[in-house]
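J.: Below is the structure I would like to discuss, written out as structure tokens.
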Amino acid sequence: MNILHIDSSINGTNSVSRELSRFAVEQLIKQHPGAHAEHLDLISNPPPYYTSDSLGLRLGLEDAALTSAQRTENQLTQTLLDQYLKADTVVIGAPFYNFTIPSQLKSWLDRVIQPRKTFQYGANGPEGLSGDKTVYVILSRGGIYSTSEQGQALEHQESYLRVVFGFIGVTNIHFIYAEGIGMGAEARAEALSTAEQQIIQLLQTVELA
Ligand SMILES: Cc1cc2nc3c(=O)[nH]c(=O)nc-3n(C[C@H](O)[C@H](O)[C@H](O)COP(=O)(O)O)c2cc1C
């Protein structure tokens, strides 16, 4: 098993999603001795925002036609893409900031959602090319959104990640919820413990892609 472990919380050691993503990776390694895990910390090492210089790979431009800034951008995108493509299991700590994912995680997605690499357009429209992965996403949220229609309509974290990973072919995607983190110490402790149980259960039942 080749695990890519991604964190995107700005909360350091106080982060719920970091604690739970680490827990999930530890559990996976326990279940699959010999598994290799690579950690990508999008806060200590954030991919720069996309600019016009970042479009070379997307446009399929030949290396010789690129400026040095474009080449640097291409290399960075290619490195992140290769790291994603070689993983068969991806664990993502995805906190809920202002109703959606952290911008650093969006920047990473901008790098890995690439034509001809992770998606293409065929006769029937878009086709995802990275469906050979099992993806686990830990969602940490200050409030509670998953249990009501109103909450589900307000959140653009799980709904967005479902769409983008679906677009690049990932159907084996599983969400773990740590909600109500901002609702007091007791609620936080309960959310952590519930999420750990969810992880343990999920890892016992999921069939790997
Ligand atoms: C900048 C920022 C924005 C946030 N926005 C929301 C929000 O829109 N809704 C919510 O329920 N919680 C919000 N929260 C609370 C976080 O979702 C909560 O603290 C969660 O635990 C974050 O995950 P982490 O602990 O891994 O960083 C926000 C927190 C921060 C720091």
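J.: What whole-number value in Å² describes the accessible area per residue of region 89-132 for a 1.4 Å probe?
T.: 41 Å²
J.: Taking all protein chains in place and a 1.4 Å probe, what share, in percent, of the accessible surface of the chain do carbon and sulfur account for?
T.: Numbers: 5330 of 10310 Å².
Roughly 52 percent, rounded to a whole number.
J.: So between Q83 and D53, what do we pick up on full extension, going 0.36 nm a residue minus the alpha carbon distance? Provide the component values of the computation, followed by the final result.
T.: Working: separation 30, 0.36 × 30 = 10.80 nm, distance 2.12 nm.
Taking 0.36 nm per residue and subtracting the Cα distance, the gain is 8.7 nm.
J.: Among L80, Q70, W108, whose Cα sits farthest toward the positive end of the charge dipole of region 23-135 (+1 at Cβ of Lys/Arg, -1 at Cβ of Asp/Glu, about the Cα centre)?
T.: Going by the charge dipole, the pick is W108.
J.: By a straight-distance test (C-alpha under 14 Å), which aspartates and glutamates pair with K117 as possible cross-link partners, with residues fewer than eight away in the same chain excluded?
T.: Within the straight-line cut-off, K117 pairs with D82, E127, D132.
J.: Shifting gears a bit: Leaving out same-chain residues fewer than 8 places away, which aspartates and glutamates sit with a Cα under 17 Å from that of K106?
T.: Once the sequence-local aspartates and glutamates are set aside, what remains near K106 is D7, D41, E73, E155, E158.
J.: Explain nothing, just the number: dipole magnitude of the chain about its Cα centre with +1 on each Lys and Arg Cβ and -1 on each Asp and Glu Cβ, in debye rounded to the nearest 20.
T.: Values: 14 positive and 22 negative charges, 44 e Å.
Magnitude of the dipole: close to 220 debye.
J.: Let me ask something else. If we count every other residue with Cβ under 15 angstrom of R141's Cβ, Lys/Arg +1 and Asp/Glu -1, where does the sum land?
T.: Details: positive: R18, R188; negative: E19, E155, E158, E179, E190.
Overall, the nearby charge balance is -3.
J.: Could you point to the residue in Q150, Q198, V135 farthest towards the positive end of the chain's charge dipole, with +1 and -1 charges on the Cβ of Lys/Arg and Asp/Glu respectively?
T.: It is V135, whose Cα lies furthest towards the positive end.
J.: Between H174 and I144, what length in nm is gained on full extension when 0.36 nm per residue of separation is reduced by their alpha carbon distance? Don't jump to the answer; show the numbers that get you there.
T.: Details: separation 30, 0.36 × 30 = 10.80 nm, distance 1.82 nm.
Stretched out fully, the H174 to I144 stretch lengthens by 9.0 nm.
J.: For L76 and A185, compute 0.36 nm times the residue count separating them, minus their Cα-Cα distance, and round to one decimal in nm. Mind dumping the intermediate values first?
T.: Numbers: separation 109, 0.36 × 109 = 39.24 nm, distance 4.03 nm.
Gain in length upon complete extension: 35.2 nm.
J.: Only bridges with both residues in region 2-205 count here: give the DSSP antiparallel percent, nearest 5. Walk me through the intermediate numbers first.
T.: On the way: 5 of 31 bridges.
Restricted to region 2-205, the bridges split so that about 15 percent are antiparallel.
J.: What are the residues whose amide H is under 5 Å from the amide H of V91, where those residues sit 5 or more places off or on another chain and H is modelled from the backbone?
T.: Residues meeting the amide H criterion: L4, H5, I6, Y136.
The values are calculated or read from the model by the stated rules, or taken from the named source; none is laboratory data. Predicted, not measured: the structure shown is a model, and the values here were computed from it. Backbone-built Cβ (ideal geometry, glycine too); neighbour counts: all protein chains shown. Note: accessible area is taken over every heavy atom of the protein model, side chains too, but ligands, DNA and RNA are not part of it. Shrake-Rupley method; radii C 1.70, N 1.55, O 1.52, S 1.80 Å.
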